[in-house]
Amino acid sequence: MPGPNNEGFKGTIGRTLADSEPHFEELPHPGKGAPNVVFVLLDDTGFAQFGCYGSDIDTPNIDALAADGVQFTNFHVTPVCSPTRAALLTGRSQHEVGMRGLAGWITGFPNTLGHISNEAATVAEVLRDEGYATLCAGKWHLMPGTAISAAGPFDQWPLGRGFERFYGFLPGETDQFYPDLVRDNTHIDPPATPEEGYHLSEDLVDQLLLMINDNKGIRPDRPFFAYLPFGATHAPHQAPQEYLEKYRGRYDEGWDVVRQRWFERQIELGVIEPETILAPRNSGVDAWDDLSDNQQRFAARLQEAFAAFLDHTDDQIGRFIDGLRAMGELDNTILVLLSDNGASQEGGAAGTLHEMKHFNGIRETPDEAIKRVDYIGGPHSHTNYPWGWAQCGNSPFRWYKTLTHEGGVHVPMIVHWPRGLGDVHAGTKRDQFAYVSDIVPTIYELLGVSPPETYRGIDQMPVTGHSFVSVLDDADAPATNTRQYFEFGGHRALVAEVDGVWWKAVTRHLPGTDFDDDRWELYELSADPSECNDMAEAEPERLAQMIDLWWQEAETHGVLPLDERRLELFIPRIGDREVHRPTRRYTYRPPMTQIPTRTAASLTDSVVDITARVTGVAGDEGVLIATGNATCGCTVFVQNGHLVVDYNAFDDHTIVESSIEVPAGDCTVAVHLEREGTAGWAEVSVDGMSCGRAEIPLYLSTFTSTGASVGMDHGSAVSARYAAPFVFTGTLHDVTVQLPGGRDPLSDEAMAEGEWSRQ
């Protein structure tokens, strides 16, 4: 009998129950005893930085996973984070799935969509449809920055790409003590402060264990896929004080001595072959003994902060493992631990106390930075270490993150699964070549899962990674991936096995030069894994063949067109228009959640007018609008009856206070900011009357990754004159930020010319 809502019903419906036959939908289930799957991903962690890969940093919990599992010594990823994450979660080439570069880069070509293509279902989407619980806690960084606000859209957020629960942060980095947090599809405040012992890495593990306990406590039959991508060890390098103190003086010998020691330990551990050559210092890295006392002291303290950060992260991994063990799930969990790329070069030759100085074109000397050396690693820092320590972390290789030489793409990887691998494989190593997109096909084979040809009505591109199950089962099995391309920003490489010998062609592209003029290098990786003996001149025909193969792979995997653009691609765009181009005028009405940097009005623009309409009584005070944090930002607030703006340029504060009081009742207060070269000025007014002005010695082009707050100051206080959140106690009707070239977004001119409502 026909009726409403009968689509898909396979029973029969008569007039009564007696002449009807029910049908019950059978929910997917992977079967009794199906293993759990866990991916633990670290950020910007080099090949040598775990203890089991050679360093003297204390990582006993990661080392224990290696001792009980299989340790890969020839594992590779992309040179940067977002493409690695895209390949890791899909089992496909990063270019194929639209993630050529960093999340949010959109060029109008299929290889740079700004997010993972919907034609490439993630492992979370596939396993969820197989009956797995899918849980994520950590860094996402797989969607445009213009979509991470509370306004969405949400289709590329974790819950839109297969995860049932999410807790973490969406952009590429966040402060570890004052993070920008999201739970599922909602921005939230951290549950505690650093004074109360808060650190993000601990919070992530707490939340992921909570998710797993919730699932296993109610559905013990249902296995889980858990993704734990830490913010560590990406800048800022921040750790609790006891971890920082633990490493005091550990690296005073300098990077030359420490790198040699780590290299020798790598040979001793069997991570590299005894014949391996330690690559010479990279260009731009000075001999440690040639540095001044302040340079050495500053650089050593930055490395201490990194070591403390990694040590602390290892302890959180240990807590997570203990949690799985306590609930009886560890033995039947396929756990894969890896890094997303090599150690970072973004700290520059000398290192930096605040990484955002780099993006403002500010070169702070160690002699200047040493005055704040005790800030390093704590809540009042945003540090990254110098090139010398980054190369030490990539031992024995050359170069760093963003480059396709081994230092950028050769990282640690451990597979731990006691029930599946057994004692016979515990503590063994694999030197077969493997790549990040090979992980998901391996998981699919181990689980007996076939990725769908269509997903949610969309035809799917094939999974192109190569399962290495055979390598897990047999240490002597041949590598399953024998040809792998690399590319980022024009840097290119190809690794290929030819007649049993592994070769690598690689080029470092210089921006502004013709791609055809790039100089290619050639290495026999089988005998020269650290790329020290360039054979390009000795083997020109072989090099030409390798370059031809690279172009073939590029066409096959959607790498083209080559594109060297980077920073300019951070401009928010929809189609070929800047997102806020038609308006350049923002009106915020509290209450509002924190507004992420990429979607907030920029208070670092050349001319900024901030206007707030308030109603209050004598004694009302608090923040009207703030952006940034205690290390860098701008805040507008009322205090002691006066309007105040505090422009914080890396702890150098320009404060303008109104000479007249903010009156009770209805009032309009305003701040004008304007750039003049590298400097600028700020002026405040109350009810249209100018009443305070000051010069800003350093007018910045960007603050921090911390976004804007309305009616309060989220996170660490931008100004030392109050304690956050310093909520405004009067009535804040709205705050309007006007940037150059803006107009009322509701005007007829804006509607007609900008067509903003349809974008």
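Quick one: which strands (runs of 3 or more DSSP E) lie wholly within the stretch 580-644 and hold at least 2 residues that are over 24 Å from residue 182 (Cβ atoms) and among the small types (Gly, Ala, Ser)?
Details: elements: 585-588, 607-616, 622-629, 632-639.
The qualifying strands (runs of 3 or more DSSP E) are 607-616.
Do you know which residues across the stretch 265-284 are part of a helix (DSSP H, G or I) and exposed (fewer than 14 other Cβ atoms within 10 Å of the Cβ)? Can you show your working first?
First pass over the stretch 265-284, keeping only residues part of a helix (DSSP H, G or I): 265-269.
Residue satisfying the conditions is 268 alone.
Being among the hydrophobic types (A, V, I, L, M, F, W, C), at pLDDT 95 or above and not in a loop (DSSP other than H, G, I, E, B), is that true of even one residue in the stretch 747-755? Walk me through how you get there before you give the answer.
If we filter the stretch 747-755 for residues that are among the hydrophobic types (A, V, I, L, M, F, W, C), which is where we start, we get 750-752.
Next, only the ones that are at pLDDT 95 or above stay: none.
So far as the stretch 747-755 goes, no, none of its residues is among the hydrophobic types (A, V, I, L, M, F, W, C), at pLDDT 95 or above and not in a loop (DSSP other than H, G, I, E, B).
From the list 383, 333, 313, exactly one residue is surrounded by 24 or more Cβ atoms within 10 Å (Cβ to Cβ) and at pLDDT 95 or above. Which is it? Let's see the steps before the verdict.
On the way: 383 fails: at pLDDT 95 or above; 333 fails: surrounded by 24 or more Cβ atoms within 10 Å (Cβ to Cβ).
After ruling out the rest, the residue left standing is 313.
Yes/no matrix, rows are residues, columns are (1) farther than 25 Å from residue 430 by Cα; (2) more than 28 Å from the chain's Cα centre (by Cα); (3) of a type outside the set (Lys, Arg):
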residue	(1), (2), (3)
255	yes, no, yes
268	no, yes, yes
286	yes, yes, yes
308	yes, no, yes
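Would you please list the contacts, defined by Cβ atoms under 7 Å and residues six or more apart or on different chains, that run from a residue in the stretch 38-51 that is farther than 30 Å from residue 223 by Cβ to a residue that is charged (D, E, K, R)?
Going by the 7 Å Cβ cut-off, the qualifying pairs are 44/401; 51/58; 51/63.
Quick one: count up the residues across the stretch 631-655 that are buried (at least 23 other Cβ atoms within 10 Å of the Cβ) and either among the hydrophobic types (A, V, I, L, M, F, W, C) or closer than 18 Å to residue 690 by Cβ (or both).
Final tally of qualifying residues: 9.
So which residues in the stretch 37-56 are surrounded by fewer than 23 Cβ atoms within 10 Å (Cβ to Cβ) and either part of a loop (DSSP other than H, G, I, E, B) or outside the structural domain of residue 112 (by TED's automatic domain parsing) (or both), if there are any at all?
Correct list: 56 only.
Could you tell me whether residue 106 is surrounded by 24 or more Cβ atoms within 10 Å (Cβ to Cβ) and modelled with pLDDT under 95?
Details: surrounded by 24 or more Cβ atoms within 10 Å (Cβ to Cβ): no; modelled with pLDDT under 95: yes.
In short, no.
Could you list, in sequence order, the residues of the stretch 285-321 that are without any contact (Cβ under 8 Å) to a residue 24 or more places away in the chain and not in a helix (DSSP H, G or I)? First the steps, then the outcome.
If we filter the stretch 285-321 for residues that are without any contact (Cβ under 8 Å) to a residue 24 or more places away in the chain, which is where we start, we get 290, 293.
Matches in the stretch 285-321: none.
Give all pairs with beta carbons closer than 6 Å in which a residue from the stretch 81-97 that is on the phi > 0 side of the Ramachandran plot meets a residue that is among the small types (Gly, Ala, Ser); count only pairs at least 6 apart in sequence or on separate chains.
91/437; 91/465
Give the stretch 322-348 a look and list any residue that's among the aliphatic types (A, V, I, L, M) and without any contact (Cβ under 8 Å) to a residue 12 or more places away in the chain, or say none.
Step one: of the stretch 322-348, the residues among the aliphatic types (A, V, I, L, M) are 324, 326-327, 330, 334-338, 343.
Passing the criteria: only 326.
Sort out which residues of the stretch 337-354 are over 18 Å from residue 284 (Cα atoms) and over 15 Å from the mean Cα position of the chain (by Cα), and write them in order of number. It would help to see each step written out before you state the result.
Here is the first cut: in the stretch 337-354, the residues over 18 Å from residue 284 (Cα atoms) are 337-341, 353-354.
The answer is 337, 353, 354.
Return the residue satisfying two criteria in turn: it lies in the stretch 110-152 and is over 23 Å from residue 461 (Cβ atoms) and in a loop (DSSP other than H, G, I, E, B), and of such residues it is modelled with the highest pLDDT.
For the stretch 110-152, the residue satisfying everything is 131.
Condition check ((1) over 38 Å from the mean Cα position of the chain (by Cα); (2) charged (D, E, K, R); (3) within 25 Å of residue 707 (Cβ to Cβ)) across all residues:
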position	(1), (2), (3)
599	no, no, yes
608	no, no, yes
618	yes, no, no
638	no, no, yes
670	no, no, yes
675	no, yes, yes
685	yes, no, no
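Tell me which residues, restricted to the stretch 426-465, are assigned to a helix (DSSP H, G or I), closer than 17 Å to residue 338 by Cβ and not hydroxyl-bearing (Ser, Thr, Tyr). Full working, then the answer.
Kept after step one, since they are assigned to a helix (DSSP H, G or I), are these residues of the stretch 426-465: 436-447.
Narrowing further to those that are closer than 17 Å to residue 338 by Cβ: 436-443, 446.
Within the stretch 426-465, 436, 438, 439, 440, 441, 443, 446 meet the criteria.
Is it true that some residue in the stretch 72-88 is touching an Asp or Glu at 6+ places or on another chain (Cβ under 9 Å) and surrounded by fewer than 23 Cβ atoms within 10 Å (Cβ to Cβ)?
yes
Among the residues of the stretch 490-513, count how many are modelled with pLDDT under 95 and of a type outside the set (Val, Ile, Thr).
Residues meeting the conditions: 5.
The values are calculated or read from the model by the stated rules, or taken from the named source; none is laboratory data. Only a predicted model underlies this, so the values are computations on that prediction, with no experimental measurement involved. Using ideal geometry, Cβ is built from the backbone for each residue, glycine included, and neighbour counts are taken over all protein chains shown.
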